[in-house]
1. Cβ under 10 Å from A112's Cβ, A112 left aside: what net charge do those residues give with Lys, Arg +1 and Asp, Glu -1?
2. Once all Cα-Cα distances of segment 252-405 are split into 5 Å bins that start at 0, what whole-number percent is in each one?
3. Could you tell me whether segment 7-209 comes out rounded, prolate or oblate from its Cα gyration tensor? Rule is a ≥ b ≥ c as square roots of the eigenvalues, rounded for a/c under 1.5, then prolate if a/b exceeds b/c, otherwise oblate.
4. Pull up the cross-link candidates among the aspartates and glutamates for K431, meaning alpha carbon to alpha carbon under 17 Å and not fewer than 8 places away within one chain.
5. Using only Cα atoms, locate the centre of segment 202-277 and the centre of segment 6-35, then give the distance between them in Å, rounded to an integer.
6. Any aspartates and glutamates with Cα under 19 Å of the K121 Cα? List them, leaving off those in the same chain fewer than 8 positions away.
7. Using R₀ = 35 Å, calculate the FRET efficiency as 1/(1 + (r/R₀)^6) where r is the Cβ-Cβ separation of K121 and E77; round to 0.05.
Amino acid sequence: MQNWKISTRLAAAFGMLVVLLLGVAGAALLQLSTLNAVTKQITSNNLISVELINKLGAHIIEARLLELRHVYNESPEYKASIEQQMTKLQGDMDDIKARYAPLVDSPAERSAYETLLAQRKEYVVLMERLFRLSRSGESDKAREFMNGESLQLYNASSATLDTLLEINTNDANSESRKADAAFSNGVWVMGVAVLLALALSVTAGLWITRSIRTPLQRAVALADRVAGGDLSSRIEVHTTDELGQLFSALQRMQSSLAETVRAVRRNAEGVASASSQIANGNADLSSRTEEQASSLEETAASMEELGSTVRLNAENAREANQLARTAADVAVHGGDVVGEVVTTMRGINDSSRKIADIVGVIDSIAFQTNILALNAAVEAARAGEQGRGFAVVASEVRSLASRSAAAAKEIAALISESVGRVEQGTVLVDKAGNTMAEVVDSIQKVTAIVGEISTASAEQSQGVTQVGEAVSQMDTVTQQNAALVEESAAAADSLRRQAQELLQAVEVFRLSDSEVHHGASSASVAFAAVPAQPPSVGSRGRVLGLRKKTAAMAVATDVF
């Protein structure tokens, strides 16, 4: 067992645990199946049976109430309605009995159910007899029959329903006791199984721990020696399991690490030279990047000025749009006023025509008065001396009628002239209304054009703003690139120093004296030949500022 692989040991332990878990699960499933059967019996049989019995009892009570209403009410229409309700109620009761029949599962319940069926058949016959007596007007016989045979059958049916209800209630209680017993047995079985599984798990865990801990302690000690720089230790392999493979790997690691130390010593000089060249190239790139950043800053400033001008134009366009809208509103109001004037002029024209008609009537009356006065003068002349005074009056009336006719003609002429002028004014006002409508339409078109100009100016302002933001972002990115170039130069110089530190670090490893001396001499020559090139003070300040700006942008991005 010492050469067993760790995976085999763990598989054996976990296999044992799986077997125990399967046993526990089997016992739990057995108890759960028992509980499920009991619960299913209660929910799918007993509870439904009790519900159906209660509904059937309620229908029987309702049928009894319908009997009472049928007997004690004298209206034929009401009796017919009661009979229809009774027919529907009988159908509902038949449906309930059909649903209850498959749920009968004991001899006692079967006997009670058959008794109930017989009682309901007898009830149908009695109900028909009772309704015939009630319909025929034999109320006394109907009441006697209802309180006699019908009442006895009602009481018998109620007693049978009570029996069925008691049977199902007892069955439900019995199944509930079975469920309690199954739960108690399940708790006991699960407790024993869990304790057994716990004991076996602890035993297997201790055995696996002891078989792994000791070899790991040896491996840790070997790793500590390698970490201390001792690459000369001899590593022995005693087993073929994963821990034996670990010791073999440690052995190979020690050999490879020794070769790596030798390679590091050989290549450190090349790394130092390359890092120096990278630092010089980054310095030139940093200078060119700073010039590009300066140009972008100037471009960004120009774009800001252009953006301000475009925004001012957009603001002026918005104000012009507002003024055009105001003018359109005023023009619309003027059009409405002109319309009102047109309506008023038409009213005046109609009134003038009515006055002309009235003047015509007055002229007609004056003409008739003149004729009457002439007739009166003729009659006065015939009367002789007695009619002289009447002739004078007739002459005056005729004179007055003539003047009235003349005045009416003058008024008619004036009214005609007024009507003509009013009609001319109406025509002019109509033309003015049409002109105002055209003005309103033109102003609305101007308003629409100004609105489009305002929208275009706003879009242009937004576009210029976006271009400015893009240039600003390019400037920021360029400055960040400059900072990164400075950092890259600093990193190259740091790489050179780290290469020197790396050579000093590998001196810790125990190698041959000749290799150690040769490595130290090479390192001294290499790092003496490559001088350090730190960045200028101005570049350091710019890099520091850009680093702070980049950090602030990163924080803002994280918050967003």
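1. Net of charged neighbours comes to -3.
2. Pairs per bin, as whole percents: 2, 7, 5, 5, 5, 4, 4, 4, 4, 4, 3, 4, 3, 3, 3, 3, 3, 3, 3, 3, 3, 2, 2, 2, 2, 2, 2, 2, 2, 2, 2, 2, 1, 1, 1, 0.
3. prolate
4. Straight-distance partners of K431: D336, E340, E423, D441.
5. Cα centres, segment 202-277 to segment 6-35: 40 Å.
6. E62, E67, E83, D92, D94, D95, E109, E149, D162
7. 0.75
No lab work stands behind these numbers, since they all come straight from the coordinates. All of these numbers come straight from a predicted model, not from anything done at the bench. Positions of Cβ are backbone-derived with ideal geometry, glycine not excepted, and every protein chain shown enters the neighbour counts.
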